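**Student:** What follows is a single structure, and I will ask about it in a moment.
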Amino acid sequence: MDINKTIDYPYLPEGKKILFVPPENVWMNEAKKMADANSACSWWPTGAVVVKNNEIIGRGANSGNFQPLCPRVEHNCPTGEGYHFCNALCSQDGHSEVTSIMYAIKNGNDPTGADLYLFGHWWCCKNCWDAIIKNGIANVYLLENAHLFFVREKRLALMDEVKNKIQQGKSVSREEIIWIIE
């Protein structure tokens with residue numbers, strides 16, 4: 001059974017599909033490290049690596065200024081909407097898919113034919129797919145069962161915890177918002 005046909009992705013370009021790897025995959029672990037250490041997005045911390053010829057040529061994470069409370073959550077934005085808040089308040093200049101591809105290019109690496117491993121999400125938005133296609137990425141890999149791990153309900157519960165801490169005058173660090181895969 002093709003899992004891409006059973007998951008209702010908010011966006012998936014015609015003729016494209018997502019592939020999956022287990023949690024112990026070396027490249028997925030590298031993408032997770034990027035998410036954990038570098039994502040500035042409290043709502044949906046992601047990391048990505050671009051791999052070509054068995055070598056990482058690009059690394060990226062949701063970039064910008066870390067904000068413990070996500071403005072998209074505060075404004076109840078549906079999945080895939082409200083990115084203008086990310087640009088205005090968080091100074092986000094790209095999702096991890098795009099920043100990893102741009103890193104590869106900036107460092108003189110051609111991403112054509114490379115694979116992209118994305119940790120922290122269960123789909124890629126239209127802007128990310130556009131960059132993936134434009135730059136000739138061959139395959140996009142997500143964590144097996146990403147659609148079960150990376151769900152809105154888990155993040156909403158975490159955002160409630162973050163909000164309570166802030167209301168109590170406590171600070172919230174990037175390390176407190178990482179994904180825990182159980």
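**Student:** Only residues that are assigned to a loop (DSSP other than H, G, I, E, B) and either closer than 16 Å to Pro45 by Cα or in contact with a His (Cβ under 7 Å, 6 or more places away or on another chain) (or both): list them for segment 109-152, please.
**Tutor:** The answer is Gly120, His121, Trp122, Trp123, Cys124, Cys125, Phe150, Val151.
**Student:** Hey, Ala104 hits all of (1) touching a Gly at 6+ places or on another chain (Cβ under 7 Å); (2) exposed (fewer than 15 other Cβ atoms within 10 Å of the Cβ); (3) small (Gly, Ala, Ser) but one; which does it fall short on?
**Tutor:** Result: Ala104 fails condition (2) only.
**Student:** Identify all residues within segment 25-62 that are of a type in the set (Val, Ile, Thr) and touching a residue at least 24 places away in the same chain (Cβ under 8 Å); write none if there are none.
**Tutor:** Thr46, Val49, Val50, Val51, Ile56, Ile57
So that you can scan it fast, the table gives a plain yes or no per residue for (1) part of a helix (DSSP H, G or I); (2) surrounded by 13 or more Cβ atoms within 10 Å (Cβ to Cβ); (3) touching a strand residue (DSSP E or B) at 6+ places or on another chain (Cβ under 9 Å); (4) of a type in the set (Lys, Arg):
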position	(1), (2), (3), (4)
Pro10	no, yes, no, no
Lys16	no, yes, yes, yes
Lys33	yes, yes, yes, yes
Pro45	no, yes, yes, no
Ala48	no, yes, yes, no
Asn65	no, no, no, no
Val73	yes, yes, no, no
Asn76	no, no, no, no
Phe85	yes, yes, no, no
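No lab work stands behind these numbers, since they all come straight from the coordinates. Because the structure is a prediction, the values reported are computed rather than measured. Quick reminder, even Gly has a Cβ in these numbers, built from the backbone with ideal geometry, and neighbours come from all protein chains shown.
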